[in-house]
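Notes to accompany the following structure.
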Amino acid sequence: MHISQPYPDKELLLLIADGDELAFRQLFESYLPKLYPLIFKIVKQEAVAEDIFQETFLRLWIYRNKLPEIENPRAWIFRIAYHQAFTWLRKDAMRHKTTQAFGESAAAAINAQETEQVLSFRKLESLVKEAIRKMPAQQRRVYLLSRERGLKTDEIAREMNLSVQSVKNTMVRALKTIEGYLNNAGVKPKLILALMALLAQ
Amino acid sequence: MNKEERISLLLKKMDEQTISEAELEELTAVLGESDAAETLITSQLQSGSADTPLPSQQRQQQMMAEILSADRLPEDQTTATRGTLISLYKKIAVAAAILIIAGVSFWLMRKSTSSKNTTDIVSVQQHDKEPGTDIATLTLADGTVIPLDSATQGKIALQGKTAVTCLNRGELKYSSAGQSDTGTYFNTVRVPRGGTYVLVLADGTRVWLNAASSLKYPADFTGNFREVELTGEGYFEVTENAAKPFMVQSGNLKIQVLGTSFNLNTYEEEAVAKASLIDGSVKVITGTGSAILKPGQQASISRSTQNISVGNFDTEEVIAWKNGFFQFNKIDESYLRQLSRWYDVDLQFEAPVKSNEFNGRITRQTKLSSIVDAFNISGIPCRIEKNKLVILP
């Protein structure tokens, strides 16, 4: 992929939608030099910029089966990243205010409480894991066979004695489960909800 | 002021760190409106950001590895779901009791009918399963995952001052590389179903890992203790060092060692965990108590109550797996689960297994079909179906 290319290859997105880790890695590597400097320009801290980039790509991975339907994936990815960066700036400003009003110790206490929220990647990660643990057994099994043992749809079908179509359906439901769980936990920003709603039409 | 100019102004204030919260909200709202706003923001941010240093290659790899492991479940799930696990074991215990009762009545009912269907089963082995092999994955401290199989050989990583070398025949060795880095680097070896692996830790301790098991350990033992974490089953030959006790943690269970050989079986699907001491001395510690073992003694730790009971054990039987054998004294579900893990098959019980006398020692290099044939001849009807071992009535 070239930087000049406006959108990632449709083919690459189809592979990613199918759970292809190599294709996803390729997307990650081609976007890092394009997007990371822009996030850094907003937040001005390496660790925060890395966290936001990571979180953006974890979201992408969780919504992978929707990628091929998105009209302008590049814009979609950048918007998610900007949204996270702006949100972080707002929280950071609030922390500064607290420091000024109540002194360092109060701010430190609030900081500690908010560490989870500040480290958005970790928070998202733990929610994703929680969602998988709460999946119905069969769904979880199909999902983990794919993710942990890297089995393809037909291999999972054979392993579990199911039809290929029912494995496909289960994978779609599994991703929906995770998505639904994230929605309920309120971590999906309004923007992404709006983008999703557009897609659903 | 048009929209373009407005966005430009807001971004300038953001860059100068003079932007207000309200203005940030405005910017966020604009972003939500259209892809066009994104184009404007992107082109503004691009100016002067070309030479921003990127995260190092190693950091990028780590970021990627963390994303891809986010939707997998960690090995130490026991800690996260201990509550549900304990109740699961209660359910298993109840189910097992029902199975035993069902088994006995079934056996009583069947006594009168002849077992005519065993002979025709022997010939129906269309599917077969190859035995397990020396495979595992190694996760380095930075999250990099290295597959360990016959293709991986030689020095594969440097963790602080410790070199990681992959030897022939499924062995991973840690040895000092003489550098001065004293950081602690945790590595994890995960063995899948159908695998086995041997580790030589930095202190010379050898650990054999059975199928569906993992070990987490520091590349070098820098602290006052040598601490490792096990899931599944491992056989340990611990290098003696009284000044630095060796500790194995597995869920709530802790084994404290001076210098010794012992086997630790902590598979979650088994109702009891078993620590079996070959020689030396170990202390078994649970949440509710502890026991010191003498050579030849085995501690059985109930998953539900954490109670420890100490008895004798058949050494040959317990460490047969490590020497490349299955040793059966009678067939029960626990033995069948050994087969399940080694041949990477699921078990399906169409009838409770008849806890038959079956003395035997079979090399683990046998194909599953041969074992199934032996079972059938010995009056334990079963067959292989795709990725399942089906126990028949």
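Figures for the structure shown
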{"quantity": "Odd one out for B:Y335, checked against (1) without any contact (Cβ under 8 Å) to a residue 40 or more places away in the chain; (2) surrounded by 19 or more Cβ atoms within 10 Å (Cβ to Cβ)", "calculated": "(2)"}
{"quantity": "Residue in region B:302-314 that is in a helix (DSSP H, G or I) and closer than 29 Å to A:M160 by Cα present", "calculated": "no"}
{"quantity": "Conditions (1) surrounded by 14 or more Cβ atoms within 10 Å (Cβ to Cβ); (2) under 21 Å from the mean Cα position of the chain (by Cα); (3) of a type in the set (G, A, S): number failed by B:A177", "calculated": "(2)"}
{"quantity": "Matching residues, region A:130-152, being within 12 Å of chain B (Cβ to nearest Cβ) and of a type in the set (A, V, I, L, M)", "calculated": "A:A131, A:I132, A:M135, A:A137, A:L144, A:L145, A:L151"}
{"quantity": "Test: residue in region A:65-76 that is β-branched (V, I, T), more than 7 Å from chain B (Cβ to nearest Cβ) and surrounded by fewer than 21 Cβ atoms within 10 Å (Cβ to Cβ)", "calculated": "yes"}
{"quantity": "Unmet criterion (only one of (1) under 22 Å from B:V207 (Cβ atoms); (2) among the basic types (K, R); (3) at pLDDT below 90) for B:R361", "calculated": "(1)"}
{"quantity": "Residues of region B:28-65 classified as within 9 Å of another protein chain (Cβ to nearest Cβ) and touching a Gly at 6+ places or on another chain (Cβ under 9 Å), total", "calculated": "2"}
{"quantity": "Selection from region B:215-229 of residues that are crowded, with 18+ Cβ neighbours inside 10 Å, not aromatic (F, W, Y) and not in a strand (DSSP E or B)", "calculated": "B:A219, B:D220"}
{"quantity": "Positions within region A:77-89 being out of contact with any Ser or Thr (no Cβ under 8 Å at 6 or more places or on another chain) and surrounded by fewer than 22 Cβ atoms within 10 Å (Cβ to Cβ), in sequence order", "calculated": "A:L89"}
{"quantity": "Residue, modelled with the lowest pLDDT, within region B:368-393, restricted to residues that are surrounded by fewer than 19 Cβ atoms within 10 Å (Cβ to Cβ), outside any loop (DSSP other than H, G, I, E, B) and away from chain A (no Cβ under 14 Å)", "calculated": "B:I377"}
{"quantity": "Filter result for the condition that a residue is crowded, with 22+ Cβ neighbours inside 10 Å and more than 8 Å from chain B (Cβ to nearest Cβ), over A:L35, A:L15", "calculated": "A:L35"}
{"quantity": "A:E50 vs. criteria of a type in the set (D, E) and at pLDDT 90 or above", "calculated": "yes"}
{"quantity": "Qualifying residue in region B:162-183 (condition: closer than 13 Å to B:T139 by Cα and not β-branched (V, I, T))", "calculated": "yes"}
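Let's see how each residue does on (1) assigned by TED's automatic domain parsing to the domain that holds B:L9; (2) touching a strand residue (DSSP E or B) at 6+ places or on another chain (Cβ under 9 Å):
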site	(1), (2)
B:E38	yes, no
B:D51	no, no
B:Q58	no, no
B:Q62	no, no
B:L68	no, yes
B:L73	no, no
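The values are calculated or read from the model by the stated rules, or taken from the named source; none is laboratory data. Predicted, not measured: the structure shown is a model, and the values here were computed from it. A quick note on method: Cβ atoms are made from the backbone with ideal geometry, for glycine too, and the neighbour counts reach across all protein chains shown.
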